[in-house]
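Q: There's a structure below that I have some questions on.
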Amino acid sequence: MPKYAIGVDFGTESGRAVLVDITNGQEIATAVYTYANGVIDEVLPESNLRLEPDWALQDPEDYIRVFQNAIPAVLQQSGVNPADVIGIGIDFTACTMLPTLKDGTPLCVLPQYRNRPHAWVKLWKHHAAQPEANRLNEIATELGYSFLNRYGGKISSEWFFPKVWQILNEDPEIYFAAERFIEAADWVVWQLTGEETRNSCTAGYKAIWSKQEGFPPREFFRALDPRLENIVDEKMSRQIVSIGQCAGYLTEEAARWTGLKPGTAVAVANVDAHVSVPASTVTEEGKMVMIMGTSICHMVLSRSEHFVPGICGYVEDGIIPGIFGYEAGQSCVGDHFGWFVEQCVPEHYQQEARQRGVDIHALLEEKAAQLKPGESGLLALDWWNGNRSVLVDVDLTGMMLGMTLLTKPEEIYRALIEATAYGTRVIIETFVHHGVPVNELIATGGLPDRNKLLMQIYADVTGREIRVAAAHQTPALGSAMFGAVAAGKSAGGYDDIFEAAKHMAHLRDEVYRPIPEHQQVYDKLYQEYLILHDYFGRGANDVMKRLKALKASIRGKV
Ligand SMILES: Nc1ncnc2c1ncn2[C@@H]1O[C@H](COP(=O)(O)OP(=O)(O)O)[C@@H](O)[C@H]1O
Ligand SMILES: O=C(CO)[C@@H](O)[C@@H](O)COP(=O)(O)O
């Protein structure tokens with residue numbers, strides 16, 4: 001009798017359940033539930049209280065509705081007997097976190113806190129804790145805490161402790177009412193199993209935890225604010241469970257929500273980018289998985305520990321148990337091309353696309369593919385949304401050099417693609433330079449399906465072959481794989497993620513190989529890119545920051 005697992009991928013706007021055949025990883029049924037309250041970034045639901053800029057909240061009840069809607073939908077579509085679904089895994093955006101009571105009740109569902117923004121879930125892209133992140137980095141640097149080295153030198157405002165500290169600073173009553181602070185990833189697993197667990201992936205990448213050293217010491221938290229001294233013992237947990245473990249079993253209530261059997265195994269929670277690595281067949285060092293969409297997450301495994309400046313971080317057991325998982329990223333990739341087609345393409349191009357019934361991206365790709373590398377004379381810096389790795393600077397901005405009266409939209413489109421490829425090459429070379437090998441690239445996410453020119457340019461610029469993961473819902477497949485591992489071999493699943501990946505993860509036949517003539521030109525252009533990258537990005541000329549400051553001051557005066 002075939003056995004199945006369900007992966008649930010909690011994204012920014014929606015949650016997606018995918019029912020997968022355990023023998024081969026085939027996706028049998030998919031269902032999406034779009035969060036009723038979406039991203040809460042303007043007003044709080046019900047009270048209509050206006051939020052400040054840079055806030056991004058969510059409603060935890062939306063996550064439960066994903067279980068209640070999407071899982072029954074995949075069972076119904078597939079006709080699979082719930083008794084044959086042996087495991088569930090989930091992945092989430094991160095750091096997406098919330099304050100709760102001891103029993104897991106989110107503070108925002110309590111009537112007395114319903115109109116308090118800090119009682120709600122803070123989404124990964126809530127950026128209003130930047131003052132706390134800056135202060136945390138200053139204090140950690142002054143006091144010489146070496147954990148900063150694990151995070152490329154800086155803790156991001158998107159992460160756990162800046163967010164908790166913002167709650168304490170701005171609404172202490174919520175901070176003190178919170179009996180637990182927890183990643184939403186772990187919270188949804190808690191709702192399924194009735195047991196609170198904390199996973200090694202979010203603890204490591206987002207909450208400054210390491211397998212060797214645990215959390216930073218109490219003195220560090222006291223140096224931030226004496227009231228934070230016992231945050232870990234009082235409102236979190238030091239018991240961190242490695243990904244790849246079973247978190248518990250489906251409760252009667254969760255079985256009623258989902259239509260699954262009580263007692264179904266539930267995997268320890270995971271993160272969307274990280275869970276995509278084994279789902280792209282990668283469980284060993286030497287290969288980089290690039291999750292390519294609006295942004296790119298670059299994920300690499302290594303058997304040894306290396307400090308790599310400017311990356312997001314590395315965590316032992318963070319992606320695959322027993323191995324160090326490294327993460328870096330580019331915060332704006334597809335977004336560059338989206339911006340360009342929305343803001344800069346002339347009407348006659350749009351008209352041509354409409355007449356030919358093709359997407360405007362496809363038209364620009366076709367025209368840009370006629371150009372030879374270097375032919376346009378253009379070179380861009382890909383910093384339309386700052387630089388995540390390796391400069392870690394949100395105040396950097398974009399630049400395009402070499403334009404003339406003859407410059408065409410497809411030339412600019414191609415230059416933007418090339419710039420993002422140079423950005424990826426900087427990341428790869430930084431890893432290699434610091435001892436983390438990157439011999440092969442595996443791509444997944446929306447872009448490999450959408451733009452073949454882009455994939456070829458990435459192969460040419462990086463000088464590496466690129467393979468593409470077979471799955472269309474890679475994170476959900478990865479979660480289902482961990483679900484199968486949580487169930488274990490005796491229940492028809494797998495003993496570990498290595499076994500699950502062998503059977504359930506696949507690559508397409510498609511391979512992008514570097515074209516030597518293109519490589520030669522791109523090597524020259526890359527050298528030019530590096531000069532501009534360091535000149536504008538490493539302090540030789542801070543004109544981008546001065547312009548940004550001027551803009552802010554002028555806007556402030558209006
Ligand atoms: N044909 C295309 N070529 C390049 N970029 C594209 C194309 N079509 C859409 N995009 C960009 O891809 C991004 C969406 O990628 P996708 O992987 O679907 O999303 P996400 O990263 O949010 O999961 C958007 O930023 C969009 O501008
Ligand atoms: O930060 C991480 C992973 O570390 C992501 O969860 C976060 O950027 C959200 O990514 P997506 O927009 O869902 O691709």
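Q: Starting from the Cα-Cα distance between S14 and K548, subtract it from 0.36 nm times their residue separation and give me the gain in nm to one decimal.
A: 188.9 nm
Q: Right, another one. Using only the Cα atoms of segment 393-441, each taken as one equal point scatterer with no solvent, compute I(q) by the Debye sum, divide by I(0), and report log10 of the ratio at q = 0.18, 0.28 Å⁻¹.
A: -0.73, -1.05
Q: Moving to a separate point now. Defining a contact as two alpha carbons under 8 Å apart and six or more residues distant in sequence, what relative contact order in percent does segment 171-230 show?
A: So the answer I get is 14 percent.
Q: Rounded to the nearest 20 debye, what is the charge dipole size of segment 1-141 about its Cα centre when +1 sits on each Lys and Arg Cβ and -1 on each Asp and Glu Cβ?
A: Result for segment 1-141 is approximately 260 debye, rounded to the nearest 20.
Q: A further question follows. Going by Cα centres, segment 392-430 and segment 1-51 are how many Å apart?
A: 33 Å
Q: Rank S242, G478, A56 by how far each Cα sits towards the positive end of the charge dipole of the chain (+1 on Lys, Arg Cβ; -1 on Asp, Glu Cβ) and give me just the farthest.
A: Of S242, G478, A56, it is A56.
Q: To the nearest 10 Å², what's R388's accessible area with a 1.4 Å probe?
A: Result for R388: roughly 70 Å² accessible.
Q: Which distance in Å, rounded to a whole number, links the C-alpha centroids of segment 166-193 and segment 474-546?
A: 32 Å
Q: So, in nm, how far is label R538 from label Q76 when the simple model puts each one 7 Å beyond its Cα toward the Cβ?
A: 5.8 nm
Q: In addition: Once the whole set of protein chains is in place, how much accessible area is left on S280, using a 1.4 Å probe, in Å² to the nearest 10?
A: Accessible surface of S280 is approximately 0 Å².
Q: Sorted by mean Cβ packing within 10 Å, highest first, what order do the peptides 503-510, 4-11 take?
A: Per-residue Cβ counts within 10 Å, averaged per peptide and sorted highest first, yield 4-11, 503-510.
Q: Next question. With +1 on each Lys and Arg Cβ and -1 on each Asp and Glu Cβ, how big is the dipole of segment 351-406 about its Cα centre, in debye rounded to the nearest 20?
A: Here segment 351-406 has a charge dipole of around 160 debye.
Q: Hey, what did segment 98-162 get for relative contact order, percent, Cα under 8 Å, at least 6 apart? Mind showing how you got there, number by number?
A: Values: 54 pairs, mean separation 18.5, N = 65.
Relative contact order of segment 98-162: 28 percent.
Q: Normalising by the residue count of the chain, find the relative contact order in percent from Cα pairs under 8 Å and 6+ residues apart.
A: Relative contact order here is 16 percent.
Q: Loop-only check: which GluC sites (Glu not before Pro) in segment 300-408 are DSSP coil with at most 16 other Cβ within 10 angstrom?
A: E305, E375
Q: Let me ask you something else. Identify all lysines with a Cα-Cα distance to K489 below 25 Å; exclude those on the same chain that are fewer than 8 residues away in sequence.
A: Of all the lysines, those that pass the test against K489 - Cα under 25 Å, at least 8 places apart if same chain - are K3, K261, K502.
Q: Restricting things to alpha carbons, find the Rg to Rh ratio for segment 157-215 using the Kirkwood radius for Rh.
A: On the way: Rg = 12.6 Å, Rh = 12.6 Å.
Value, to two decimals: 1.00.
Q: Here's another thing I want to ask about it. Charges on Cβ only, +1 for Lys and Arg, -1 for Asp and Glu, centred on the Cα centroid of segment 414-478; of G445, V432, V461, which one is farthest towards the dipole's positive end?
A: Ranked along the dipole, the leading option is G445.
Q: Sticking with this structure for a sec: Could you give the size of the charge dipole of the chain about its Cα centre, using +1 on the Cβ of each K and R and -1 on the Cβ of each D and E, expressed in debye and rounded to the nearest 20?
A: 380 debye
Q: Just for the Cα atoms in the chain, what are the lengths along the principal axes, largest first, rounded to whole Å?
A: Computed over the chain, the largest-to-smallest principal extents equal 67, 59, 48 Å.
Q: Now for a separate question. Please give, to one decimal in nm, the separation of the simple spin-label points placed at E510 and D335, each 7 Å out from Cα toward the Cβ.
A: Once both label points are built, they end up 2.4 nm from each other.
Q: Any chance you could tell me what percent of the C-alpha pair distances in segment 417-558 go past 26 Å?
A: Values: 4845 of 10011 pairs.
The proportion of pairs with Cα distances above 26 Å equals 48 percent.
Q: Based on a Kirkwood Rh over C-alpha pairs, give the Stokes-Einstein translational diffusion coefficient of segment 225-274 at 4 °C and viscosity 1.567 mPa s in µm²/s. Each step should come with its number before you reach the end.
A: On the way: Rh = 13.6 Å.
So the translational diffusion coefficient is about 95 µm²/s.
Q: Now for a different question. Report, for the chain, the % of DSSP beta bridges that are antiparallel, rounded to 5.
A: Of those bridges, close to 70 percent are antiparallel.
Q: Which distance in nm do the two modelled labels at T404 and F307 give, with both placed 7 Å along the Cα-to-Cβ direction?
A: Roughly 4.8 nm, to one decimal.
Q: Mean residue ellipticity at 222 nm from the helices of the chain, using -39,500 (n - 2.57) per DSSP H segment of n ≥ 4 over the full residue count, to the nearest 500 deg cm²/dmol?
A: Taken over the chain, the calculation gives -12000 deg cm²/dmol.
Q: Using a 1.4 Å probe and counting only protein heavy atoms, arrange V18, V32 so the residue with the most accessible area comes first.
A: Result, largest first: V32, V18.
Q: For the chain, with the dipole built from +1 on Lys and Arg beta-carbon atoms and -1 on Asp and Glu ones, taken about the Cα centre, which of T100, A421, L379 lies farthest toward the positive end?
A: Sorting the options by dipole projection puts first L379.
Q: Can you tell me the Rg and Dmax of segment 114-238, counting just the alpha carbons, in angstroms?
A: When restricted to the Cα atoms of segment 114-238, Rg and Dmax are 14.0, 42 Å.
Q: As a test question: what accessible area, to the nearest 10 Å², does V271 have when a 1.4 Å probe is rolled over all protein chains in place?
A: In the full protein context, V271 sits at about 10 Å².
The values are calculated or read from the model by the stated rules, or taken from the named source; none is laboratory data. Note that this is a predicted model, so its numbers are computed, not measured. Reconstructed Cβ throughout: ideal geometry from the backbone, glycine too, with neighbour counts over all protein chains shown. We work out accessible area using only protein heavy atoms, side chains counted, and drop any ligands, DNA or RNA first. Shrake-Rupley method; radii C 1.70, N 1.55, O 1.52, S 1.80 Å.
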